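Right, one structure below, let's go through it.
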Amino acid sequence: MSDRPTGSAGTSPIGGTEARSARALGSLLIPIAAVGAALALVPLWLGDSRVLMGVAVLGLAFACYTIGFNVIFGSTGQLFLCVGALAGIGGYGAAILTDTVGLPIVVSILIATLAATFIGGLLSFIAVRRSLGVIFTGIVTLIFSMSFEALLLGLSDLTGGDTGRLIYSGTDTFLREQIPPYYLMLALVLVFLLVHGLLRRSHIGWAFRALRDDEVAAELAGVDVARYRVYAALIGAAMLGLAGSTYALTEGRLSPTTFGFGQVDVVVVVMLAFGGIGTLFGPTLGAVTFTVVDEILIDFGQLRLVAYGILIIVLFLGMPRGVIPTVASLWRRVRGLEGSDAAKSTDSAAGRLEAVSGESQSAE
């Protein structure tokens, strides 16, 4: 007779744990694969239009930016208004290292990503050490963003100033002919979704949610608030740096507006608010939706900004938590009503059965 402990169904608890882990992983991989399959069909729909393909690549880049920002702000409540700056450190860093220094593309991307990661972690560390709240963290990171834009204009020999710079050194051939830019950025989006999904299911993700919901309660529960906030900033900044460097080398041209505060941070905040702060697929939904809307409204000039303003007002009045949380809440309500109706139906049937049984007994 085996000495291995068994559960009520005669299966090993270890096997049951493995089965639950496999189901949990499947519940994460299946929707991510579905998103990837849907987005992979976009080039077939766009056809040979280089302009529309460029817009699609930019939309995927913004999806990456929004996921990175969601890890920092949506997970731990740190308002980093330097998304464009951190992505720009990756973009300009990779461009300079590849084009000017002559390093291989992969090495350049790695170094630039590490630089963005370090800066993001440093900003979070300063905010934590100074006990800065959400507003003051936003102000400090906004100042950093403005300083980064000024630095790009000042170092014109390296950055090209306000006119920008082209990227040579074979990056165009490698990233445009061997690896289509759209599918490269799509792969990055899917990797980011997987990393964020696994992170949310880990102990680190639990700590993130705890300190986001109630910092005092999280500390009482043993969560090192300072450490986990820095962790979130490091992970999110790494995503931003990697996305910025990859997009820069696929685009082949950079300018301060590529990573400007008004062009990136404002849009990313709106995208995240639309999709759902703290959700897994909200950033991607927001990025895809606003990319399509922006392309539809591109011929309306300044009226496009008015349309955005109206959309934001409607969003915050009708769906303050974003699309995905609102839809999920409605779905739970519908399921709850269905369950309530089913319970009432069962109780009614049971009542009728008891009545019939009572009548038959009295007849006897």
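Just so you know, all these numbers are worked out from the coordinates, no wet-lab data involved. Given the structure is predicted, the values throughout are model-derived calculations rather than measurements. Please note: Cβ atoms are built from the backbone with ideal geometry, for glycine as well, and neighbour counts cover all protein chains shown.
Over the Cα atoms of the range 176-273, what radius of gyration and what Dmax do you get, in Å?
Reported Rg and Dmax, both Å: 16.8, 54.
Using 10 Å bins from zero, what percent of all Cα-Cα pairs in the range 71-172 falls into each bin?
15, 41, 28, 14, 1
Could you please rank R229, R321, R23, R253, placing first whichever residue has the fewest other Cβ atoms within 10 Å of its Cβ?
Going from sparsest to densest Cβ surroundings: R23, R253, R321, R229.
Give me the distance between the Cα centres of the range 33-50 and the range 203-262, rounded to whole Å.
The distance from the Cα centre of the range 33-50 to that of the range 203-262 comes to 28 Å.
Spelling out what I want: for every residue of the range 285-300, take phi, set θ = phi - 60°, compute 6.51 cos²θ - 1.76 cosθ + 1.60 (Karplus), and round to whole Hz; glycine and proline get x.
4, x, 5, 5, 4, 6, 5, 5, 4, 5, 5, 5, 8, 4, 7, 8
Please list the radius of gyration and Dmax for the range 31-256, considering alpha-carbon atoms only, with Å as the unit.
Taking only Cα atoms of the range 31-256, I get Rg and Dmax of 18.2, 58 Å.
By how many nm would the segment from L29 to A328 grow when fully extended, if each residue of separation counts as 0.36 nm and the alpha-carbon distance is taken off?
Stretched fully, the L29-A328 segment lengthens by 105.7 nm.
State, as an integer percentage, the relative contact order of the range 50-141 based on alpha-carbon contacts under 8 Å between residues 6 or more apart. All intermediate terms of the calculation are to be shown ahead of the outcome.
Values: 57 pairs, mean separation 28.2, N = 92.
Relative contact order comes out at 31 percent.
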